[in-house]
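Asks: Just passing along the structure, written as structure tokens.
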Amino acid sequence: MTAHVTSHEDDALLDAARMAFLDLGIRRASVGEVAKRAGIDRVTVYRRIGSKDELVTAVVMRDASRLFDSIRLAASVADPSTGDAGRVVAAFVAMMRGLRDNQLLQRVMTLEPDTVLTLLTVNGSPILLAAIDVAAELLRGDGSVAVDEDDVLARAEIVVRLAHSFILTPHAVLDSEDDDAIERVARRFLTPMLTGVPSPDPAPAHP
């Protein structure tokens, strides 16, 4: 009888895979290497997760899920007085920071850009659809106001495709290293487009 695999065991396996991808790159890291680092055999890797492609997808989706959680948290603690516009700004800054600080994404973008293209274009539908769900969830707010669902999904897809472009082409005019610059851009351009309401400028700090 096969033992039940707990999420903790899967997390340990995905941790080993992620470290192998960081150390060796996705192309060079084999299932055997991941199994060795996880202290299990290759058959167990295939049984728990699947092929190498499925292993890569599982690692990427877990990273994405953690990013989505950080975006939700940022939106939930935004200043209530700024309303939906403030939550959009907070979520956008959290998203950009999360993409910038993700070591695996940055490593692969630098050394294996073709791998990122495959993950986010040809094989990108699961990530994009999950991201659209999260964006739509934030745009719906607390549910106290009726919204047009088609409109919400359209706006959610706009912001996700914008994020997608930042991943694929991170260096342009907007300085993705500067959170203040990201916040200003989100407040001035993104929130009016997504909410129809400009985000108020933050109150000046008193000396």
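The values are calculated or read from the model by the stated rules, or taken from the named source; none is laboratory data. Please read all numbers here as calculations on a predicted model, not as lab measurements. Note that we place each Cβ from the backbone using ideal geometry, even for glycine, and neighbour counts take in every protein chain shown.
Asks: Restricting attention to region 76-91, does a residue exist that is within 25 Å of residue 107 (Cα to Cα) and either part of a helix (DSSP H, G or I) or of a type outside the set (Ser, Thr, Tyr) (or both)?
Replies: yes
Asks: Exactly one condition in (1) closer than 21 Å to residue 12 by Cα; (2) modelled with pLDDT under 95; (3) not in a helix (DSSP H, G or I) is not met by residue 61; state its number.
Replies: Evaluating residue 61 over (1) closer than 21 Å to residue 12 by Cα; (2) modelled with pLDDT under 95; (3) not in a helix (DSSP H, G or I) leaves (3) as the failure.
Asks: Sticking with this one: Filter region 65-91 for residues that are crowded, with 18+ Cβ neighbours inside 10 Å, of a type outside the set (Ser, Thr, Tyr) and out of contact with any Leu (no Cβ under 6 Å at 6 or more places or on another chain) and give the result.
Replies: Result: 67, 68, 71, 74, 78, 84, 85, 86, 87, 89, 90.
Asks: Which residues, counting only those in region 86-103, are farther than 17 Å from residue 189 by Cα and either acidic (Asp, Glu) or within 11 Å of the chain's Cα centre (by Cα) (or both)? So that I can check it myself, show each step before the final result.
Replies: Filtering region 86-103 for residues farther than 17 Å from residue 189 by Cα gives 97-103.
Those that are farther than 17 Å from residue 189 by Cα and either acidic (Asp, Glu) or within 11 Å of the chain's Cα centre (by Cα) (or both): 97, 98, 99, 100, 101, 102.
Asks: Would you check if residue 66 is assigned to a loop (DSSP other than H, G, I, E, B) and either more than 19 Å from the chain's Cα centre (by Cα) or without any contact (Cβ under 8 Å) to a residue 40 or more places away in the chain (or both)? Outline the logic, then answer.
Replies: Values: assigned to a loop (DSSP other than H, G, I, E, B): no; either more than 19 Å from the chain's Cα centre (by Cα) or without any contact (Cβ under 8 Å) to a residue 40 or more places away in the chain (or both): yes.
No; evaluated as a whole, the condition is false for this residue.
Asks: One residue is enough: does region 141-152 have a residue meeting the conditions surrounded by 15 or more Cβ atoms within 10 Å (Cβ to Cβ), more than 24 Å from residue 53 (Cα to Cα) and hydrophobic (A, V, I, L, M, F, W, C)?
Replies: Taking every residue of region 141-152 in turn, at least one turns out to be surrounded by 15 or more Cβ atoms within 10 Å (Cβ to Cβ), more than 24 Å from residue 53 (Cα to Cα) and hydrophobic (A, V, I, L, M, F, W, C).
Asks: Any chance region 44-56 includes a residue that's at pLDDT 90 or above, more than 25 Å from residue 12 (Cβ to Cβ) and of a type in the set (Phe, Trp, Tyr)?
Replies: Taking every residue of region 44-56 in turn, none turns out to be at pLDDT 90 or above, more than 25 Å from residue 12 (Cβ to Cβ) and of a type in the set (Phe, Trp, Tyr).
Asks: Here's a follow-up. If you check 28, 62, 107, which single one turns out to be in the same structural domain as residue 180 (by TED's automatic domain parsing) and either within 25 Å of residue 139 (Cα to Cα) or exposed (fewer than 14 other Cβ atoms within 10 Å of the Cβ) (or both)?
Replies: None of the others qualify; the one that does is 62.
Asks: Here are the criteria: (1) in contact (Cβ under 8 Å) with a residue 12 or more places away in the chain; (2) outside the structural domain of residue 131 (by TED's automatic domain parsing). Tell me which single one residue 42 does not satisfy.
Replies: The single condition residue 42 does not satisfy is (1).
Asks: Is it fair to say residue 95 is within 13 Å of residue 167 (Cβ to Cβ) and at pLDDT 90 or above?
Replies: Values: within 13 Å of residue 167 (Cβ to Cβ): yes; at pLDDT 90 or above: yes.
Spelling it out, residue 95 is indeed within 13 Å of residue 167 (Cβ to Cβ) and at pLDDT 90 or above.
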